[in-house]
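The values are calculated or read from the model by the stated rules, or taken from the named source; none is laboratory data. Please read these numbers as outputs of a predicted model, since none were measured by experiment. Cβ sites come from the backbone with ideal geometry, for glycine too, and all protein chains shown count toward neighbours.
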Amino acid sequence: MELRLPAMSPTMEEGTLAAWLVKEGDTVRPGQVIAEVETDKATMELEADEAGTIVALKVPAGTDGVKVGTVIAEIAVDGEAPRPAAASQPASASAPPRPLQPAPGAPAAAPVARPAAALQPAGGRRMTVREALRDAMAEEMHRDERVFVMGEEVAHYQGAYKVTQGLLETFGERRVVDTPITEYGFAGLGVGAAMGGLRPIVEFMTFNFAMQAIDHIINSAAKTSYMSGGQMRCPIVFRGPNGAAARVAAQHSQNFAPWYAAVPGLVVIAPYDAADAKGLLKSAIRTPDPVVFLENELLYGRSFDVPEGEHLVPIGRARLHREGRDVTLVSYSIGVEVALAAAAELEEEGIEAEVLDLRTLRPLDEAAILASLARTNRMVVVEEGWPRCSVAAEVIAVAMEQGFDDLDAPVLRVTNADVPLPYAANLERAALVKPSDVVRAVRSIL
Amino acid sequence: MARKAARTKEVEGRFDAVPEPVRHSPSPQEYLDFYRMMLLIRRFEEKAGQLYGMGLIGGFCHLYIGQEAVVTGLQAAITPGRDSVVTGYRDHGHMLANGIDPRVVMAELTGRAAGISRGKGGSMHMFSVEKGFFGGHGIVGAQVPIGAGLAFAHKYRGDGGVALTYFGDGAANQGQVYETFNMAELWKLPVVFVIENNQYAMGTSVNRASAEDQLYRRGESFRIEGLQVDGMDVLEVRGAATVALDWVRSGKGPILLEMKTYRYRGHSMSDPAKYRTRDEVQHVREQQDPIDRAQREIVAQGIATEDELKAIDRAVRAEVAEAADFAEQAPEPELSELVTDVLAETY
Ligand SMILES: Cc1ncc(C[n+]2csc(CCOP(=O)(O)OP(=O)(O)O)c2C)c(N)n1
Ligand SMILES: [Mg+2]
């Protein structure tokens, strides 16, 4: 039997064959760990499924970038006539999780002073969004003794998505706290700790599970300052991945940004790249207001430049990822990646699209939206989420109410389909927003 | 050996306690049926793991390997269709033990139109109203009040049905579980709460997450009797099921079964498994495996020979291979399916 490198997580495409724990000629039992495989997330153990003998190891230990599906060993399975390998390569049904191109690097340009949204200078250290978030937390924990992290699997397991990797080692169990699966309870406990003078960072394994806790986010955290006449603040960060991941179906794939962005008393942030993830998370931890900080699992592994040294990004300011005079694409979080890919495609047709990343969804940087609209007179809002009552709907209202005279065409929204996210690969692809949808929308208003 | 919650309670004005369960004595055919079902689940899950590795299954995929005796012993005691079953996302075994065709389960895993949810639900979201299987839920703990609601419906209709509500040791810490316990006992709902204590919730062992780690006692302050059962022995499970179902069907209200079990594989397919040692897993596999145990007893009691059991294994493998081929070859859903079944009605 040919042993192929399996996909060991929903998003894994390749891995490093870190070590073989068996050699040629060894017999193996079911469940025996035969190799260690490293992905960007973690080191994982590869187990034998059946009893047999290792005939040959085809990929030497230490090999990087081994693609899922590569034959890594030959095993003679006990007591079974050699059956032709059941399935060939991954079927077309299971194409890579998301048809998104990596974002093109932002063109360098002189920073423009506020209030206009500005292009950020390139340069700095390359790191993943995951590392940037971790560094933001670590730096703020070093800076402020009141800051602590709490959530499911954040400490010993190093985070379900490895965002808190290494924090336990550095800060210990007093400040990196594993909770039971009790979202409602620990979100409320976090609010109480914030009221009591601490600065909690509450991680939800994903925001799907924050629905268990949403009463505390909205009724306890968001309303404290107002109800107490400003006497009591609630400095807390609720953070975790939000939006669709890969093939995890309806209950694990939704964008809650519009829900939270509707609530006065909350700050809502949804960054796209690593620099913003780091700079905005640091600002979120420092602000005296409650923050909902929406990350994206598919972006965790992407690498970007992050400025060296202390890097803070102000809350409430949008960012221009690219300039263009024909149309403005407004987006946030992973939608920015879609918008950038669409802009690159449009460029080939000679259409110059400006890409504006909202970054903060509440308060919304209306000035930046209107300034860009005044330059391009056309706007398309790109959102990885449902169309109805969306952030896109809000941006369109801003354009209508305050930018009407600048509009040369209706503002369109390009979003996911208005359905719970399906599991089947083809249906999931059809449901999610993609660059070609954006390109089509832009053409229709030019 | 089952262990009972320490206290007894007063029911309808007299003292009554859950009787001590006895290990089930199966007929030869019954024992072979248990063996075959456990093996079917094991082989099915192994195959699902392989298909995941080949990219034919995506997303989260939680295997039931090691826990087969629990669902096999319990499901054998109920009547699919009359009684109701609900569980979490680790649901493939529950589907199979409820008598659902492995091909439509596997086709759901590969996201094909022939899948039991037409490919729209995937591993975590499978349902069969016909067989009284109500999911397949991805939110930890959410199935517990749903199970009590199914029991409420049985009581309301007076149809004599019982709701089997499965959840994990980690789920047992969710607040809604205790809100449910209170209502279930208050209203004497016909529900069996089954905690599948496989000792870990992702990477967190029970004692790192639970102030009371003897989970069969978790119903005490709601006056719900609890039994702790060896969930690695299908006959112990089947014996406890009799006691629990008699209790619940006689109108005495809910009961709690803590099934002590173990999962051999990672939590899902992306588990680095650093929270337990390889030796620990290997030890359980070697000392407590429910299938090995059944196999030994079946042979020792002369119910079947080793060769006869091997023939069963071959038949099961063939059934699973066929399910996998079916699931690989079945077409994907039509794109028009994207927008169907969001609502039942059009407005
Ligand atoms: C409300 C909620 N919180 C967190 C999760 C993520 N999650 C999925 S399974 C799981 C562990 C559950 O463990 P347990 O209840 O013991 O069941 P087991 O997986 O062992 O069968 C967690 C934390 C979730 N799906 N839902
Ligand atoms: Mg568990």
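Numbers at a glance
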{"item": "Residue match in the range A:34-51 (condition: under 30 Å from residue B:112 (Cα atoms), of a type in the set (D, E, K, R) and at pLDDT 85 or above)", "result": "no"}
{"item": "The range B:196-217: number of residues that are within 14 Å of ligand 2 (Cβ to nearest atom) and within 13 Å of another protein chain (Cβ to nearest Cβ)", "result": "13"}
{"item": "Unmet requirement for residue B:92, which otherwise passes all of (1) facing chain A (nearest Cβ under 10 Å); (2) within 15 Å of ligand 1 (Cβ to nearest atom); (3) buried (at least 24 other Cβ atoms within 10 Å of the Cβ)", "result": "(1)"}
{"item": "Helices (runs of 4 or more DSSP H) lying entirely in the range A:355-446 (those with 1 or more residues that are more than 14 Å from every other protein chain (Cβ to nearest Cβ))", "result": "A:366-376, A:391-403, A:435-445"}
{"item": "Residue within the range B:230-241 that is in contact (Cβ under 8 Å) with a residue 24 or more places away in the chain, surrounded by 23 or more Cβ atoms within 10 Å (Cβ to Cβ), touching a Lys or Arg at 6+ places or on another chain (Cβ under 9 Å) and within 19 Å of residue B:171 (Cα to Cα) present", "result": "yes"}
{"item": "Check on residue B:84, among the hydroxyl-bearing types (Ser, Thr, Tyr), modelled with pLDDT of 95 or more and not in a strand (DSSP E or B)", "result": "no"}
{"item": "Wholly enclosed helices (runs of 4 or more DSSP H) of the range A:161-265 bearing at least 1 residues under 25 Å from residue A:300 (Cα atoms) and in contact with a strand residue (DSSP E or B) (Cβ under 9 Å, 6 or more places away or on another chain)", "result": "A:167-171, A:183-195, A:257-261"}
{"item": "Test for residue B:138: is it within 13 Å of chain A (Cβ to nearest Cβ), within 16 Å of ligand 2 (Cβ to nearest atom) and part of a loop (DSSP other than H, G, I, E, B)", "result": "yes"}
{"item": "Strands (runs of 3 or more DSSP E) contained entirely in the range A:1-81, each with at least 3 residues that are more than 8 Å from chain B (Cβ to nearest Cβ)", "result": "A:14-20, A:33-38, A:52-57, A:63-67, A:71-77"}
{"item": "Counted residues, the range A:280-293 - those being under 28 Å from residue A:375 (Cβ atoms) and surrounded by 24 or more Cβ atoms within 10 Å (Cβ to Cβ)", "result": "1"}
{"item": "In the range B:182-207, the residues that are over 19 Å from the mean Cα position of the chain (by Cα) and more than 12 Å from ligand 1 (Cβ to nearest atom)", "result": "B:182, B:183, B:184, B:185, B:186, B:187, B:188, B:189, B:207"}
{"item": "Filter result for residue B:242 (within 16 Å of ligand 2 (Cβ to nearest atom), within 30 Å of residue B:186 (Cα to Cα) and more than 13 Å from every other protein chain (Cβ to nearest Cβ))", "result": "no"}
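So that you can scan it fast, the table gives a plain yes or no per residue for (1) without any contact (Cβ under 8 Å) to a residue 24 or more places away in the chain; (2) crowded, with 24+ Cβ neighbours inside 10 Å; (3) within 14 Å of another protein chain (Cβ to nearest Cβ); (4) within 10 Å of ligand 1 (Cβ to nearest atom):
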| position | (1), (2), (3), (4) |
| --- | --- |
| B:145 | no, no, yes, no |
| B:152 | no, no, no, no |
| B:159 | no, no, no, no |
| B:174 | no, yes, yes, yes |
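Conditions tested, residue by residue: (1) surrounded by fewer than 23 Cβ atoms within 10 Å (Cβ to Cβ); (2) over 19 Å from residue B:260 (Cα atoms); (3) of a type in the set (Lys, Arg); (4) modelled with pLDDT of 95 or more.
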position: B:3; (1), (2), (3), (4): yes, no, yes, no
position: B:7; (1), (2), (3), (4): yes, yes, yes, no
position: B:12; (1), (2), (3), (4): yes, yes, no, no
position: B:29; (1), (2), (3), (4): yes, yes, no, yes
position: B:58; (1), (2), (3), (4): no, yes, no, yes
